[in-house]
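The values are calculated or read from the model by the stated rules, or taken from the named source; none is laboratory data. All of these numbers come straight from a predicted model, not from anything done at the bench. A quick note on method: Cβ atoms are made from the backbone with ideal geometry, for glycine too, and the neighbour counts reach across all protein chains shown.
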Ligand SMILES: [Zn+2]
């Protein structure tokens, strides 16, 4: 096999590996998400405190991932933390979220990601209420809220 054929073959295989992952390309995400959603979900940005649409939401319902539509948090787990972002003591299921250690900003934090699409949701801190003692501090823009009475 000559060098060109080898190159084509290896490029072909890396293409297969890339597309085998169950995720969209960054271009596809850019098309699907608003500029603000893309900044937070894909570039791990953070919305300004008290600016999001859900930090003060008192309605009953379920929060879904704005990226892929997967269920993430129930309003029953939401509490008033005063931090300016919607705060939850626990996700609907541990399987729905992925935690990764985040050392950016010179801080040691646990990043919260959607397990299904890998979108950045926020961070989890250990100053939440009992019994979990956890505070999932989540960007409103990463979430889509569906009120209980609007579900069919
Ligand atoms: Zn998702």
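The set of residues from the stretch 123-144 being crowded, with 19+ Cβ neighbours inside 10 Å, touching a strand residue (DSSP E or B) at 6+ places or on another chain (Cβ under 8 Å), farther than 18 Å from residue 29 by Cβ and touching a residue at least 40 places away in the same chain (Cβ under 8 Å) comprises 128, 134, 135, 136, 137, 138.
From the set of residues in the stretch 39-69 that are outside any loop (DSSP other than H, G, I, E, B) and in contact (Cβ under 8 Å) with a residue 24 or more places away in the chain, which is nearest to the ligand (Cβ to nearest atom)?
Filtering first and then ranking leaves 65.
Cβ-Cβ contacts under 7 Å between residues 6 or more apart (or on different chains), taken from a first residue in the stretch 102-117 that is under 19 Å from residue 38 (Cα atoms) to a second residue that is outside any strand (DSSP E or B) and near the ligand (Cβ under 8 Å from one of its atoms), are listed as 113/119; 114/67; 114/68; 114/70; 116/68; 116/70; 117/67; 117/68. Check whether at least one residue in the stretch 90-98 is assigned to a loop (DSSP other than H, G, I, E, B), away from the ligand (no atom under 15 Å from the Cβ), modelled with pLDDT of 95 or more and touching a helix residue (DSSP H, G or I) at 6+ places or on another chain (Cβ under 9 Å), and report yes or no. Taking every residue of the stretch 90-98 in turn, at least one turns out to be assigned to a loop (DSSP other than H, G, I, E, B), away from the ligand (no atom under 15 Å from the Cβ), modelled with pLDDT of 95 or more and touching a helix residue (DSSP H, G or I) at 6+ places or on another chain (Cβ under 9 Å).
Residue 118 meets the stated requirement of being surrounded by 14 or more Cβ atoms within 10 Å (Cβ to Cβ) and either part of a loop (DSSP other than H, G, I, E, B) or over 9 Å from the mean Cα position of the chain (by Cα) (or both).
Just so you know, in the stretch 47-64 the residues that are out of contact with any helix residue (DSSP H, G or I) (no Cβ under 7 Å at 6 or more places or on another chain) and within 26 Å of residue 105 (Cα to Cα) include one that is surrounded by the fewest Cβ atoms within 10 Å (Cβ to Cβ), and it is 48.
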